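Q: A single structure is presented below for examination.
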Amino acid sequence: MPVWPYFVNMKLLSDKELNWSDIVANNRMNRSRNASGVNSYEQELKLRPEKLLHAFIERNGKVKWLDLCCGEGRALIQAAEWLAEKKIQDQAQLIGIDLVDQFHPVPEPVSCLRFEVMALAGWMPSDRYDIITCIHGLHYLGDKLSLLAAACSSLTEDGVLMANLDLNSIRVEKDVKAQYLRKVLKEHQIDYKARSKMIFCKGPRQLTFQLDYLGADDRAGANYTGQPAVDSWYRMIK
Ligand SMILES: C[S@@+](CC[C@H](N)C(=O)[O-])C[C@H]1O[C@@H](n2cnc3c(N)ncnc32)[C@H](O)[C@@H]1O
């Protein structure tokens, strides 16, 4: 692992440059996970999204699911079809956001789902959500911590955030073993599972990091998934 100040000789990319990087905008990455079964959100989350949606509807009478970096949006479409079949889609709002417009067409009976093409760098939420997912999306973001903080702040009181996150890809000056990040997450009672590299947050949080974002390295190589990913570089604020 390169150590500080290795970055001094590196070309760190701005958000705009990163959006055009071949590591981020390519057709080789897996954008087609299903809701459940093989190659699915269920495998990543260890739960069926439909079940979670249903539990919120049972409890609160409604549910809002935001899927950041949703890829083709298959999981959202399949979950929305399930809600439509159960005749409860009027109690649900499903939103998928991705940088690339490769969304599958939304089938006729579905009215509870919409997709937005958007670069998520600097994203400011304008709503609150019961479920926020980001399945293998943060690997390609520049300022991963800012997106994480924005997402956590926009959860409803009993809302849940679930995302794949590799702390090894967040490089902080003088924090080679990511102790600082682990400490901040722990202080905010955000659960990070080092083995599965999943992050979970229940209920809203105002996450603050004493860090300046420096830029992204799209030449970091493959991460634990075996796919090339992006490292995000930060410096401690003194
Ligand atoms: C590995 S794919 C996962 C897609 C989907 N979650 C799935 O599991 O099928 C990662 C997705 O992140 C999207 N992405 C990468 N950088 C992004 C950004 N800055 N803003 C929005 N989406 C981004 C990519 O376009 C891609 O669709």
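The values are calculated or read from the model by the stated rules, or taken from the named source; none is laboratory data. Given the structure is predicted, the values throughout are model-derived calculations rather than measurements. So basically every Cβ, Gly included, is an ideal-geometry build from the backbone, and we count neighbours across all protein chains shown. The area values use the complete protein model at the heavy-atom level, side chains included, leaving out ligands, DNA and RNA. Shrake-Rupley method; radii C 1.70, N 1.55, O 1.52, S 1.80 Å.
Q: How about region 42-66: which of its residues are over 14 Å from Ala80 (Cα atoms) and either among the hydrophobic types (A, V, I, L, M, F, W, C) or part of a helix (DSSP H, G or I) (or both)?
A: Answer for region 42-66, where residues must be over 14 Å from Ala80 (Cα atoms) and either among the hydrophobic types (A, V, I, L, M, F, W, C) or part of a helix (DSSP H, G or I) (or both): Glu42, Gln43, Glu44, Leu45, Leu47, Ala55, Phe56, Glu58, Arg59, Asn60.
Q: Please specify each residue of region 41-54 satisfying the condition of being under 24 Å from Pro125 (Cα atoms) and aliphatic (A, V, I, L, M).
A: Matches in region 41-54: Leu45, Leu52, Leu53.
Q: Further question on the same structure: Among the candidates Tyr213, Tyr234, which residue alone is away from the ligand (no atom under 14 Å from the Cβ), open to solvent by less than 70 Å² (accessible area, probe 1.4 Å), not in a loop (DSSP other than H, G, I, E, B) and not hydrophobic (A, V, I, L, M, F, W, C)?
A: Tyr234
Q: Can you tell me which residues in region 130-156 are charged (D, E, K, R) and within 20 Å of Tyr180 (Cβ to Cβ)?
A: Asp143, Lys144
Q: Can you tell me which residue is modelled with the lowest pLDDT among those in region 1-18 that are of a type outside the set (A, V, I, L, M) and open to solvent by less than 50 Å² (accessible area, probe 1.4 Å)?
A: Pro2
Q: Now a separate question. What number of residues in region 188-210 are outside any loop (DSSP other than H, G, I, E, B), surrounded by fewer than 20 Cβ atoms within 10 Å (Cβ to Cβ) and touching a residue at least 12 places away in the same chain (Cβ under 8 Å)?
A: Here the count works out to 4.
Q: Pick from Ala79, Ala84, Ala35: which is more than 16 Å from the ligand (Cβ to nearest atom) and either in contact with a Pro (Cβ under 6 Å, 6 or more places away or on another chain) or at pLDDT below 95 (or both)?
A: Ala84
Q: Looking only at region 128-145, which residues are among the aromatic types (Phe, Trp, Tyr) and not in a strand (DSSP E or B)?
A: Tyr140
Q: Let me ask something else. Does region 161-177 contain any residue that is open to solvent by 20 Å² or more (accessible area, probe 1.4 Å), touching a Ser or Thr at 6+ places or on another chain (Cβ under 7 Å) and within 16 Å of the ligand (Cβ to nearest atom)?
A: Among the residues of region 161-177, not one is open to solvent by 20 Å² or more (accessible area, probe 1.4 Å), touching a Ser or Thr at 6+ places or on another chain (Cβ under 7 Å) and within 16 Å of the ligand (Cβ to nearest atom), which makes the answer no.
Q: On to the next question. Of all residues in region 41-51, which are buried (at least 19 other Cβ atoms within 10 Å of the Cβ) and not acidic (Asp, Glu)?
A: Those that are buried (at least 19 other Cβ atoms within 10 Å of the Cβ) and not acidic (Asp, Glu): Tyr41, Leu45, Pro49.
Q: Among the numbered conditions (1) open to solvent by less than 40 Å² (accessible area, probe 1.4 Å); (2) in a loop (DSSP other than H, G, I, E, B), tell me where Ile77 comes up short.
A: All conditions pass for Ile77, except number (2).
Q: Can you name the condition, by its number, that Asn60 falls short on among (1) modelled with pLDDT of 95 or more; (2) away from the ligand (no atom under 15 Å from the Cβ); (3) crowded, with 17+ Cβ neighbours inside 10 Å?
A: Of everything listed in (1) modelled with pLDDT of 95 or more; (2) away from the ligand (no atom under 15 Å from the Cβ); (3) crowded, with 17+ Cβ neighbours inside 10 Å, Asn60 misses just condition (3).
Q: May I ask you to say which residue of Asp101, Asp22 is under 23 Å from His139 (Cβ atoms), in contact with a strand residue (DSSP E or B) (Cβ under 6 Å, 6 or more places away or on another chain) and exposed (fewer than 15 other Cβ atoms within 10 Å of the Cβ)?
A: Sole residue among the options that is under 23 Å from His139 (Cβ atoms), in contact with a strand residue (DSSP E or B) (Cβ under 6 Å, 6 or more places away or on another chain) and exposed (fewer than 15 other Cβ atoms within 10 Å of the Cβ): Asp101.
Matching residues to (1) in contact with a Lys or Arg (Cβ under 7 Å, 6 or more places away or on another chain); (2) of a type in the set (A, V, I, L, M, F, W, C):
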| position | (1), (2) |
| --- | --- |
| Lys174 | no, no |
| Arg182 | no, no |
| Gln189 | no, no |
| Ile199 | no, yes |
| Arg205 | no, no |
| Thr208 | no, no |
| Asp218 | no, no |
| Ala222 | no, yes |
| Asp231 | yes, no |
